[in-house]
Amino acid sequence: MAPRTTRPVGTPTRGTTNPNRLRRMDRWIAAEHGPALRRADAPPVAVDLGYGAAPWTAVELLERLRRDADPRARVVGVEIDPARVAAARPFAREGLSFAHGGFEVPVDGPVSLIRAANVLRQYDEDQVREVWARLCGRLTAPDGLLVEGTCDEVGRRHVWVALGPEGPRTVTFATRLGSLERPSDLAERLPKALIHRNVPGEPVYDFLRDFDRAWAAAAPYASLGARQRWIATAAALGARWPLVDGRRRWRQGELTVRWEALAPRGWRGAGA
């Protein structure tokens with residue numbers, strides 16, 4: 001367990017939140033991390049870090065994990081603003097609680113999952129690795145998962161990094177396909193570790209360029225619908241980039257690539 005501190009680590013976010021905003025991230029977590037949660041001997045504990053001014057995302061995370069991943073799951077919503085914690089506590093129930101804290105994650109015992117959505121955008125890029133390391137240090141080994149990323153206000157476009165106790169593993173792009181003009185539209189939702197690296201000479205820039213080119217080449221599939229065009233795009237992109245998923249996830253408007261393929265220039269080692 002991480003050492004306790006006298007005051008929470010971090011600063012308050014804007015607190016913007018909406019019901020159903022994190023549905024794409026939650027769907028991916030349940031599908032990809034569900035087996036690890038079910039392997040746990042004890043009921044797995046998930047943390048919704050920085051849930052915002054209202055507790056909708058924590059409530060929904062509990063419902064989705066219990067329905068789609070592990071019915072034993074417990075969720076702790078953690079917020080650095082004590083007023084937000086007080087406002088959320090009336091929503092507490094069996095399996096759902098709220099705590100005042102920050103990146104130290106003030107939860108007793110092992111943590112199977114930490115979800116931090118729209119939290120790090122306000123921080124400097126050079127702070128990301130330290131935060132990742134702190135959060136990854138709170139995960140159970142080897143199956144614990146940190147999911148850190150950004151989405152728009154209604155959850156139509158989302159990009160996140162998945163990390164294990166050893167550091168970053170993958171980057172996932174997820175979107176409502178009917179709202180997408182081109183894949184690079186997702187660039188504005190890149191996590192803090194990557195958003196300032198979308199410039200020539202950086203891997204994420206090259207990836208998004210190739211993503212757009214594959215999307216353009218798959219234009220004939222548009223007559224079959226945006227989903228078929230996305231699937232054809234992903235299949236073509238996989239010839240050049242190390243994708244880790246397949247048609248089952250592509251059909252959901254997702255695409256996941258290995259972190260090391262998109263890591264910023266100068267990033268050393270796999271660890272956070």
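The values are calculated or read from the model by the stated rules, or taken from the named source; none is laboratory data. Note that the structure is predicted; figures quoted are calculated from it, not measured. We place every Cβ from the backbone using ideal geometry, glycine too, and count neighbours over all the protein chains shown. What goes into the accessible areas is simple: the full protein's heavy atoms, side chains included, and nothing from ligands, DNA or RNA. Shrake-Rupley method; radii C 1.70, N 1.55, O 1.52, S 1.80 Å.
Structure summary
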item: Positions within the stretch 209-234 being outside any helix (DSSP H, G or I) and either charged (D, E, K, R) or open to solvent by 10 Å² or more (accessible area, probe 1.4 Å) (or both), in sequence order; result: Gly225
item: Subset of the stretch 178-199 that is part of a helix (DSSP H, G or I) and among the polar types (S, T, N, Q) - its residue that is modelled with the lowest pLDDT; result: Ser179
item: One residue from Leu186, Leu237, Leu262, Leu190 being in contact (Cβ under 8 Å) with a residue 60 or more places away in the chain and buried (at least 17 other Cβ atoms within 10 Å of the Cβ); result: Leu262
item: Whichever residue in the stretch 13-52 is closer than 24 Å to Pro82 by Cα and surrounded by fewer than 17 Cβ atoms within 10 Å (Cβ to Cβ) and, among such residues, is modelled with the lowest pLDDT; result: Gly15
item: Subset of the stretch 168-183 (residues that are surrounded by fewer than 17 Cβ atoms within 10 Å (Cβ to Cβ) and under 18 Å from the mean Cα position of the chain (by Cα)); result: Arg176
item: Selected residue [surrounded by fewer than 21 Cβ atoms within 10 Å (Cβ to Cβ) and under 21 Å from Met25 (Cα atoms)] from Asp152, Asp206; result: Asp152
item: From the options Val147, Val128, Val154, Val111, residue that is at pLDDT 95 or above and more than 25 Å from Pro44 (Cα to Cα); result: Val128
item: Pairs with Cβ under 7 Å, 6+ apart, first in the stretch 194-214 and more than 19 Å from Trp230 (Cα to Cα), second open to solvent by less than 50 Å² (accessible area, probe 1.4 Å) and among the β-branched types (Val, Ile, Thr); result: Leu194/Val204; Arg197/Val204; Asn198/Val204
item: Val244 being open to solvent by less than 10 Å² (accessible area, probe 1.4 Å), within 20 Å of the chain's Cα centre (by Cα) and within 28 Å of Glu166 (Cα to Cα); result: no
item: Given (1) surrounded by 15 or more Cβ atoms within 10 Å (Cβ to Cβ); (2) touching a residue at least 60 places away in the same chain (Cβ under 8 Å), number of the condition Ala133 does not satisfy; result: (1)
